[in-house]
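Before any comments, here is the structure.
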Amino acid sequence: MSWGRAMDRWMPVLRALLSVIAGFAAGLAVTWVAGESPWNVFMILIRSAFGSWYDLGMTLFYTTPLLLTGLSVAICFQAGLFNIGAEGQLTLGALAAAVTGVVLAGLPWPLAPVAAAAAAFGTGAFWGWIAGWLRARRGSHEVITTIMLNFVAAGLSSYVALYLFPNPDSQNPETRPVAKSFLIQHLSVFGDAPVSTALILAVAMCVAYGFLMRRTVLGFELRSVGQSERAARVAGIDPGKIQILAMVLAGGLAGLVGVGEVLGNAEKFKLGFSPQYGFVGIAVALLGRGNPVGVAAAALLFGALHKGTGDLDFETENVTRDLSMILQALVILSVSADGLWDWVKRRV
Amino acid sequence: MPRTETSASGAEAPAVELVGLSKTFGSVRANDAVSFRVERGSIHGVIGENGAGKSTAMKMLYGIYTPDAGKILVEGKVRRWRSPQDAIAAGIGMVHQHFMLAGPHSALDNILLGAETSRRAWSWLPPPLRPIDRSAARAKLQALAERYSLPVDWDTPVERLPVGIQQRIEILKLLYRDARILILDEPTAVLTPQETQDLFANLRRLRGEGKTVLIITHKLKEVMAVTDRVTVFRGGKVTGGVETEATSPQELADLMVGRAVHLQVKVPPQPEPGQAALRLRDLKLTGREGGVERLKGVSLEVRSGEVVGIAGVEGNGQSELLESILRPAELLSGRVEVLGQDVTDLPTAEIKAMGVGWVPEDRHRDGLLLNRPVRENFLLGLQSSAAFSRSGLVQWGEVDAAVKRALEEYDVRPRDPDVNAGGLSGGNQQKLIIAREFERKPRLLVAAQPTRGVDVGAIEFIHDRILKARTEGAGVLLVSSELDEVLALSDRILVLYEGRIVAEFTRAQADEKRIGAAMGGSA
Amino acid sequence: MFEELWAILASTIRVTTPLLFAALGGLYSERSGVVNIALEGKMLVGAFAAAAVALATHSPWLGAAAGAGAGALAGVAYALFVIRWRADQIVAGTAINFLAIGLPPFLCKVLYDSTGGTPSLALSDRFTFEPVALVALALLLTWFWMRRSRSGLWVQFAGEHPQALDAAGVGVNRTRWMAVLMGGVLAGVGGATLSISLSSSFTREMSAGRGFMALAALILGKWRPLPTAAACVLFGLADAMQIRLQGVKLGGGAPIPTQFIQILPYVVTILVLAGVVGQSRAPKALGLSFRKA
């Protein structure tokens, strides 16, 4: 392998790493303004994300949904689409899992969580299909429709949770708990952390995504459409069909977030449970550059960030968990700006 | 004869004089010591084939490119432009081939854009915030329109106006800015014959009012019809400058093409034509925009073992004809048969899988994934074929073996399946496409503009391959705007004009003059 | 009955005001060809800055000015990335939104030692009817500016046919910069309206999706000032009805599900986008960065 070829291959990785470092540096500089030592804050982040089995478990608990939404956004990127709708898709997926657990309470154990997972995938997929269909057949831009669909999903889920299946034992905006047979196993190494077999499911999805993109005809067609809709069309690929399929798969992947959340953690659907998992998925996919390993690494990074910043509230005087959003924003910005990189390259 | 000496200044100086202009892009010498002069109050043709350098020269004159060497004199003064704005200020205007008009806006706004004036009463406001004095602009335009007989409906969104009127708006834009020298880039490419006549009448009127007009074109007939003098480009150089009255289309063509490069295709004897590989019956198609009928009942047949060439000026329905073979479902009416089977209701993939090789007219847009490696571009369209896929999985091992063989056989350079298609030269990209499309062993080959933007060596190679397909019994439909190419390769030639086949010639009957006449609509 | 209507009307006007500010802000930027999904973030920083400055100076006017300034600053950050460095507009917009969710609560902690909000403003430090008058003025000026002014025409061409604008000698990216800044100012004032008029302090994520609703209104209004304003009023009415009906019991004792009124604006927008009801055509060059040939 020539030097140039090696550069081509590793340049994206290098760029991703530099983006993360630049984003973190800028974000930690903000903590300095708040009168904290950035190094101290950084060490707290590391410690509380990875300091114990429990901490690592919590990090992985947050990694699970981010891996799924990251894949959801990534698969759309591959097909040349922008899925901003993962938030809505995962909301309805979680709702579907919870409703299944209430309505089909009689289902026995191994079948029950599988049915709930299928419902979550299916509902998310349906929500993705709407945007895909609108794009492919009506030409409506998926960015706008998925934003709108996020709000519709929020409204619908609120109605279903509060009016159709409200929790009679609680004042909180949530559904009734699912039957016990629906709950999935926690991974016991991590102590009390609610990290469950859903993590294994998410990793399996990541592997499946890699297989799809690298080995299958469908993955090849999906990427071809993303590269050039017209060339794909001339080659005999129906871009509309592929776009719809990409949105369906993306919706399904996002919908699976409901498995970990409902069957592995809350045991019910709680309104507003997601701290913007869908949007953070955009950052995960961008940083991962469509590569399954990259997406997994990015999901872990943002999961750790979420967990790590959670402890800032108690461990520092002035820095709050809000730092999480700031760091994510700065990382996304430094990943996104091609021109910025050209500019840097010219100087170096 | 190009002249190189600097002319006298003052009123007698020519409108434009280019002296030794050179421009290099990468390794390509687009202009090599180009010199010529354009007299005031004349219509001057600038002709040459694609890539001959005529556009580069005009773009330097208009300030889009900066010359590497040489001088530009406008009305006797040496000029250096930093941008087109400088050229505009010096009285030069250009009508681009793709109009610079915003569809939803009125003709008035499109014209006055960037040259807005305001009433005195608003002068206390910062200039960008001042209201536009549209009535003053309208009055000035109305006067211009009357003087040059260029009537336009000022208030209709330009997207609702015919192309000829849109071009008129572009010309008015230049006149509004007091341009004295007008450059028109391929102005007739999108016009109907009637609109072309109107345009020429307008240009003559402009000349009568003392304006200087430069027309970039490759249509000899039009050069003969409207210009006073002609400058001919070939291979980045000026090969001749002649008075139109003293020349003939034949002489211009000679200057344009140069004998050495002229097509010398050895055509093997034609095999006995067999069954119909492609049969089109009365195809009608309406364009997406404007609802204009683009195909008005096209019928034709391509038999196996013959090359049928479609000649015609671009924009006479070629693209639509090609589209409708790939996607007959979008036809308004008509019937498409491939290898004896009615495919009118079939999707593209199934039609191609029957054994159709396809060389698209725009390879960057329709033929390649520019940011993906050669390997994937080779697979594109073959991904579902039995050779390269099993139960939905791509057999990359077999793909790699086939790519390796094909790069060798079709002499694609570099022989590297990992390099991105966008990094190949035009000729190698086209050879890659040919390699891919021949992988199916096509029984019908559709080749559109197969040698456009391709170097000489590759042209020969591609022509040989097309003829080889014919020898092996494939039916070939060749669509090309290069008449030479059509003449050299085709067993039969059909002329497409305004969505109709207006003439048919066999190889024996084929004669450049008669075909040219048919292409111009006077068959 | 009359009182009820009056209450709904007043409430409609109140909730429409910030929405219309944001939608007008979006109009400037989107007509110039720059997508603005960062409206939400610009509102948030505007809301925070306005509350903080009004708190410190006891002047709602200075607060509003600070809101405008903060919105403009967010606009600068956005423009720097999407125009100067040609970042994807959706991606950078998402990042700006994240930043605007995180930064104000972070600063609240530092400045006020509170968890994500500013202390309450005294009634005298707040606006009452002034934002309504301001937004009406902004609407009229925008309408007039777009129809009549030179830069109004430039902005429209920057979004519709940037090459033509460039060929006419007007800088496309400079025009877009100005439009994005103006958009930031208006969205910032819209945010200020939330924190110093509609409520008495800044609270975490208080814009609650209004930036996106403004985007929906812009689409529904076909990117034109007056129809966009009409769409904002329609959405404002839906919002007012929804607030009014919350907790109201039907005959059977069940509360009215207001969610359906809540989602109405979005459903209508989707239907318009799908071409089921009317048609809305975006500026042709929307979302595309411009580089000179």
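The values are calculated or read from the model by the stated rules, or taken from the named source; none is laboratory data. Worth saying up front: this structure is predicted, and the values here are computed from it rather than measured. Note that we place each Cβ from the backbone using ideal geometry, even for glycine, and neighbour counts take in every protein chain shown. Accessible surface areas use protein heavy atoms only, side chains included; no ligands, DNA or RNA. Shrake-Rupley method; radii C 1.70, N 1.55, O 1.52, S 1.80 Å.
Would you check the accessible area of A:S52, probe 1.4 Å, heavy atoms only, in square angstrom rounded to 10?
Estimated to the nearest 10 Å², A:S52 gives 50 Å².
Lys/Arg Cβ at +1, Asp/Glu Cβ at -1, dipole of the protein assembly as shown taken about the Cα centre: which of C:G211, B:L326, B:W154 is farthest positive-ward?
With unit charges placed on the Cβ atoms, the residue in question is B:W154.
Going by average Cβ neighbours within 10 Å, how do the peptides B:220-230, B:417-427, B:478-488 rank, with the highest at the top? The partial results should precede the final answer.
On the way: B:220-230: 19.7, B:417-427: 17.3, B:478-488: 21.8.
Ranked from most to least packed, the peptides come out as B:478-488, B:220-230, B:417-427.
If I model a spin label as a point 7 Å beyond the Cα along the Cα-Cβ vector, how far apart are those points for A:Q185 and B:A386 in nm?
4.6
Please give the average number of partner chain Cβ atoms lying within 10 Å of the Cβ of each residue in B:128-135, rounded to a whole number. Spell out each step's value before the answer.
Numbers: counts 11, 7, 4, 7, 7, 1, 2, 0.
What the average comes to for B:128-135 is 5.
With Kirkwood's inverse mean 1/r over C-alpha pairs for Rh, give me the Rg to Rh ratio of segment C:193-293, two decimals please. Can you show the working numbers first?
Numbers: Rg = 17.4 Å, Rh = 15.9 Å.
That ratio is 1.09, to two decimals.
Modelling each spin label as a point 7 Å along the Cα-to-Cβ direction, I'd like the B:E293/B:D484 distance in nm, to one decimal.
3.7
From the Cα trace of chain B, what convex hull volume per residue do you get, rounded to a whole Å³? Let's see the in-between values first.
Numbers: hull volume 91.6 nm³, N = 523.
Taking the convex hull of the Cα positions in chain B, it is 175 Å³ per residue.
Express the carbon and sulfur contribution to the solvent-accessible surface of segment C:33-94 as a percent, rounded to the nearest whole number, probe 1.4 angstrom. Numbers along the way, then the final one.
Numbers: 1200 of 1620 Å².
In segment C:33-94, the share of accessible area belonging to carbon and sulfur is 74 percent.
So what does the Cα-only Debye profile of chain C read at q = 0.11, 0.15 Å⁻¹, as log10 I(q)/I(0), no solvent term?
Results for chain C at q = 0.11, 0.15 Å⁻¹ read -0.63, -1.12.
Positive end of the dipole of the protein assembly as shown, charges at C-beta (+1 Lys, Arg; -1 Asp, Glu), about the Cα centre: which of C:P105, A:G290, C:V180 has its Cα farthest in that direction?
After comparing all options, I get C:V180.
Which helices, taking whole DSSP H runs in chain C, have alpha carbons extending 20 angstrom or more along the helix axis plus mean Kyte-Doolittle at least 0.0?
On the way: long enough: C:2-31 (40 Å, 0.70); C:39-57 (26 Å, 1.48); C:60-79 (28 Å, 1.11); C:89-112 (34 Å, 1.40); C:130-148 (27 Å, 1.10); C:172-193 (32 Å, 0.76); C:225-245 (30 Å, 1.16); C:259-273 (22 Å, 1.98).
Going by DSSP H runs, the hits are C:2-31, C:39-57, C:60-79, C:89-112, C:130-148, C:172-193, C:225-245, C:259-273.
What do you reckon, how do A:R289, B:R168 stack up by accessible area (1.4 Å probe), largest on top?
Working: A:R289 125, B:R168 40 Å².
The residues order as A:R289, B:R168, largest area first.
Only Lys, Arg, Asp and Glu count, each charged at its Cβ (+1, +1, -1, -1), so figure out the dipole size of the protein assembly as shown about its Cα centre, rounded to 20 debye. It would help to have the intermediate numbers written out before the result.
On the way: 113 positive and 100 negative charges, 265 e Å.
Once rounded to the nearest 20, the dipole reads 1280 debye.
Roughly what % of DSSP beta bridges within chain B run antiparallel, to the nearest 5? Intermediate values should be presented prior to the final figure.
Numbers: 46 of 81 bridges.
Of all bridge pairs located within chain B, approximately 55 percent are antiparallel.
Which value, in Å² and to the nearest 10, is the accessible area of A:H186 when all protein chains are kept and the probe is 1.4 Å?
Estimated to the nearest 10 Å², A:H186 gives 80 Å².
Keeping every protein chain present and rolling a 1.4 Å probe, give me the accessible area per residue for the protein assembly as shown in Å².
Dividing the accessible area of the protein assembly as shown by its residue count gives 41 Å².
For the pairs B:K173/B:K219; B:K266/B:K441; B:K23/B:K404; B:K284/B:K468; B:K404/B:K441, flag any whose C-alpha to C-alpha distance is greater than 29 Å.
Working: B:K173/B:K219 25 Å; B:K266/B:K441 22 Å; B:K23/B:K404 38 Å; B:K284/B:K468 32 Å; B:K404/B:K441 17 Å.
Violating the 29 Å limit, Cα to Cα: B:K23/B:K404; B:K284/B:K468.
Mind jotting down the distance between the C-alpha centroids of segment B:390-468 and segment B:320-384, whole Å?
16
If you average 1/r across every pair of different Cα atoms in the protein assembly as shown and take the reciprocal, what Kirkwood value do you get, in Å?
On the way: mean 1/r = 0.0302 Å⁻¹.
Kirkwood hydrodynamic radius for the protein assembly as shown: 33.2 Å.
Go ahead and run the numbers for FRET between B:E12 and B:T117, Cβ-Cβ distance against an R0 of 30 Å, rounding to 0.05. The partial results should precede the final answer.
Details: r = 34 Å, r/R0 = 1.14.
E between B:E12 and B:T117, to the nearest 0.05, is 0.30.
Once Lys and Arg get +1 and Asp and Glu get -1 on their Cβ, which of C:Q156, B:S391, B:G93 lies farthest toward the positive end of the dipole of the protein assembly as shown?
Of the candidates, B:G93 comes out farthest on the positive side.
Which FRET efficiency, nearest 0.05, do A:F42 and C:V276 yield, Cβ-Cβ r, R0 60 Å?
It comes to 0.70.
Pull up the cross-link candidates among the lysines for B:K221, meaning alpha carbon to alpha carbon under 21 Å and not fewer than 8 places away within one chain.
Cross-link targets: B:K54, B:K513.
Quick check of the Kirkwood formula: for segment C:74-225, what is the inverse mean of 1/r over all pairs of different Cα atoms, in Å?
One decimal place: 17.5 Å for the Kirkwood radius.
Take the Cα atoms of segment C:40-135, find their three principal axes, and give me the spread along each one in whole Å, biggest first.
Sorted from largest, the Cα extents of segment C:40-135 read 44, 34, 16 Å.
Could you calculate the FRET efficiency of A:Y159 with A:D192 from 1/(1 + (r/R0)^6), where r is the beta carbon distance between them and R0 is 35 Å, rounded to 0.05?
On the way: r = 34 Å, r/R0 = 0.96.
Working from the Cβ atoms, E equals 0.55.
Cα axis of helix B:134-147 to longest principal axis of chain B: angle in degrees, 0 to 90, nearest 10?
80
List the aspartates and glutamates whose Cα lies under 13 Å from the Cα of C:K222, skipping any in the same chain that are fewer than 8 positions away.
C:E30
I want the antiparallel fraction of DSSP beta bridges within the protein assembly as shown, as a percent rounded to 5. Walk me through the numbers on the way to the answer.
Working: 52 of 87 bridges.
Around 60 percent of the beta bridges assigned by DSSP in the protein assembly as shown are antiparallel ones.
Could you give me the percent of Cα pairs per 10 Å distance bin for segment B:173-220, shortest bin first, beginning at zero and ending with the bin that holds the maximum distance?
Calculated P(r), rounded to whole percents: 25, 56, 19, 0.
Calculated from DSSP H runs of 4 or more alone, at -39500 (n - 2.57) each and per residue, what is the 222 nm mean residue ellipticity of the protein assembly as shown, nearest 500?
-17000 deg cm²/dmol
Would you mind giving the total buried accessible surface between chains A and B, with a 1.4 Å probe and ligands, DNA and RNA left out, rounded to the nearest 100 Å²? Working shown, then result.
Details: alone 16650 and 24240 Å², together 38820 Å².
Between A and B, the summed buried area is about 2100 Å².
Please report the accessible area of B:H98 (heavy atoms, 1.4 Å probe, ligands and nucleic acids excluded) in Å², nearest 10.
Ignoring ligands and nucleic acids, B:H98 comes out at about 150 Å².
Could you check the spin-label model distance between B:Q85 and A:D169? Points 7 Å from the Cα along Cα→Cβ, value in nm.
Taking the simple label geometry, B:Q85 and A:D169 are separated by 7.3 nm.
Multiplying the sequence separation of B:V163 and B:D342 by 0.36 nm and subtracting their Cα-Cα distance, what value in nm do you get? Intermediate values should be presented prior to the final figure.
Details: separation 179, 0.36 × 179 = 64.44 nm, distance 3.66 nm.
Here the segment from B:V163 to B:D342 would lengthen by 60.8 nm.
Starting from the residue with the highest accessible area, list B:K296, C:K284, B:K431 in decreasing order, probe 1.4 Å. Intermediate values should be presented prior to the final figure.
Values: B:K296 65, C:K284 140, B:K431 20 Å².
I get C:K284, B:K296, B:K431, largest accessible area first.
Using packing as a proxy for protection, rank A:215-221, A:231-237 so that the peptide with the highest average count of other Cβ atoms within 10 Å comes first. All intermediate terms of the calculation are to be shown ahead of the outcome.
Numbers: A:215-221: 20.6, A:231-237: 23.9.
Ranked by mean Cβ neighbours within 10 Å, highest first: A:231-237, A:215-221.
Between A:A161, A:A29, A:A119, where does the largest GNM mean-square fluctuation fall for chain A, given springs only between Cα atoms within less than 10 Å?
Largest GNM mean-square fluctuation: A:A29.
Give me the mean projected area, in nm² to one decimal, of the convex hull enclosing the Cα positions of chain A. List each step's numbers first, then the result.
Numbers: hull surface 81.2 nm².
For chain A, the mean projected area of the Cα convex hull comes to 20.3 nm².
Under the 0.36 nm per residue contour assumption, what length would be gained going from the current alpha-carbon distance of B:Q97 and B:L125 to full extension? All intermediate terms of the calculation are to be shown ahead of the outcome.
Working: separation 28, 0.36 × 28 = 10.08 nm, distance 3.75 nm.
The B:Q97-B:L125 span can extend by a further 6.3 nm.
Between helix B:456-471 and chain B, what is the angle of the helix's C-alpha long axis to the longest principal axis, kept within 0 to 90° and rounded to the nearest 10?
40
With axes computed from alpha carbons, what is the tilt in degrees of helix B:193-208 against the longest principal axis of chain B, rounded to the nearest 10 within 0 to 90?
Between the helix axis and the principal axis of chain B, the angle is about 30 degrees.
Sort C:E130, A:E142, B:E12 by heavy-atom solvent-accessible area, probe 1.4 angstrom, most to least.
Accessible-area ranking of C:E130, A:E142, B:E12, largest first: B:E12, C:E130, A:E142.
Taking the Cα centre of segment C:16-279 as origin, sum charge times position over the Cβ atoms of Lys and Arg (+1) and Asp and Glu (-1), and report the length of that vector in debye to the nearest 20. All intermediate terms of the calculation are to be shown ahead of the outcome.
Numbers: 17 positive and 10 negative charges, 77 e Å.
Rounded to the nearest 20 debye, it is 380 debye.
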